[in-house]
Every structure is written in C-alpha cells, then in structure tokens.
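A short write-up of the structure that comes next.
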Amino acid sequence: MSDDDFALFQSAVHGVKPLRQDNRADTGVRQRDYRQIANRRQAAMKQVEAQKVDGLSDQFVIDVAAEDDLHWARDGVQEGQMRKLRAGQIAFEGSLDLHGMTVEKARETLWSFLAEALKLEVRCVRVTHGKAARLDGKRPMVKSHVNTWLRQHPQVLGFTSCLPRHGGTGAVYVLLKRTMLEGRDE
C-alpha cells in the first residue's frame with residue numbers, strides 16, 4: 001500500500017470506533033429473556049384443580065357430519081360395556097328430545113335432564129339430537145354441540161349412537177356414573 005492509499009483509508013475511517021468483544025452488531029434477533037421463559041414454563045406446568053362444566057364451552061365445538069356415528073368413552077370404561085351400550089343391551093331409563101331447539105335452549109334442557117337423571121341414579125339415558133343436514137349446507141348444529149357437551153360432563157362415562165329403531169345416528173345412548181348413596185330410603 002502506498003502512502004496515499006494509507007492516508008485515504010485513514011480519512012475514510014476517521015472517528016469510527018473499533019468493535020469490542022462485548023459490543024456486537026444488532027442483527028435484528030432478540031436476545032432470549034430467560035426469566036420470561038422460566039415464568040412461561042411454570043405457568044404451563046400448573047395443575048388445574050377441577051374442571052367446571054357449565055355447558056358454556058361453545059368456543060370450541062367438535063364438528064360432526066349428519067350421518068356420522070358418535071362414540072366416546074372416558075378412560076377406564078371397558079370396551080365390553082361400550083359394546084353392550086351400542087347394542088342396546090343396557091336399558092335406558094329416560095329419554096330427551098333436543099331436535100329443533102336452539103343451542104341455548106338445548107344446553108339448558110340437557111344439563112337439567114342430566115342433573116335429574118343423576119339425582120335418581122339412572123344408569124343409561126337416550127338423548128335425541130337430530131341429524132338432518134342443514135339447508136345452508138353446514139354441519140348439524142345441535143348434534144355437534146351435544147357431542148361436545150357430553151364429553152365435558154364429569155358424570156358421563158361414555159356415549160354411542162343408538163340402534164336404528166331408537167333413532168340411529170340422530171340419537172345417543174349415554175352411560176352415566178352412579179354415586180350409590182348409602183342409607184337412601186326407597
């Protein structure tokens with residue numbers, strides 16, 4: 001390099017500070033906030049004590065088609081019990097028809113029906129929800145909601161679509177948990 005080149009280089013970098021090891025260039029990537037990550041991990045591991053079932057969980061609905069069979073069992077329910085339920089070998093002791101109701105009315109009616117059945121310690125009920133495809137081409141609303149609500153109810157052990165003579169895919173047999181109260185007067 002000639003002297004002229006060196007002088008030209010010095011004039012070009014006049015006032016520029018050299019980079020130090022701890023002074024890095026900003027690349028646009030944020031540095032990790034380890035405190036925030038630790039807080040989020042703690043929040044993710046918190047146990048929820050009890051699930052409150054109020055029938056208002058309409059923010060998510062498990063969509064089902066008009067002709068879909070419904071079948072669900074809580075953990076611990078034997079498959080043989082569900083086969084008996086599906087075959088209609090467990091007699092249902094109550095029936096409810098939600099067909100044609102609005103979602104709000106259907107929810108209210110279903111919760112009060114299940115509460116009464118649990119009070120009477122009924123083992124199995126039938127709920128008719130209807131299966132007709134809607135005129136606007138969307139999925140059947142009440143059927144999808146009933147599917148979601150029954151999965152959320154803590155006293156429901158399982159449910160499955162009925163036999164054709166009892167409503168087919170437009171109704172479900174619901175297996176309920178019984179508490180067997182002691183000292184009850186009959």
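The values are calculated or read from the model by the stated rules, or taken from the named source; none is laboratory data. Just so it is clear, the structure is predicted and the values come from calculations on it, not from any experiment. Note: ideal-geometry Cβ built from the backbone for every residue, glycine included; neighbour counts use all protein chains shown. Quick note on the areas: whole protein, heavy atoms, side chains included, nothing else; ligands and nucleic acids left out. Shrake-Rupley method; radii C 1.70, N 1.55, O 1.52, S 1.80 Å.
Here are ARG126, ARG83: which of them is at pLDDT 85 or above, open to solvent by 40 Å² or more (accessible area, probe 1.4 Å) and assigned to a strand (DSSP E or B)?
Every option except ARG126 fails the conditions.
Residues checked against (1) under 30 Å from GLY130 (Cβ atoms); (2) modelled with pLDDT of 80 or more:
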position	(1), (2)
MET45	no, no
ALA50	no, no
SER57	yes, no
ARG74	yes, yes
LEU96	yes, yes
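Would you call SER144 out of contact with any helix residue (DSSP H, G or I) (no Cβ under 8 Å at 6 or more places or on another chain), farther than 21 Å from ARG178 by Cα, open to solvent by less than 60 Å² (accessible area, probe 1.4 Å) and at pLDDT below 85?
Yes, satisfied.
Would you check which residues across the stretch 86-120 are open to solvent by less than 80 Å² (accessible area, probe 1.4 Å), closer than 21 Å to TRP72 by Cα and assigned to a loop (DSSP other than H, G, I, E, B) and list them?
Within the stretch 86-120, GLY88, ILE90, ALA91, PHE92, GLY94, LEU98 meet the criteria.
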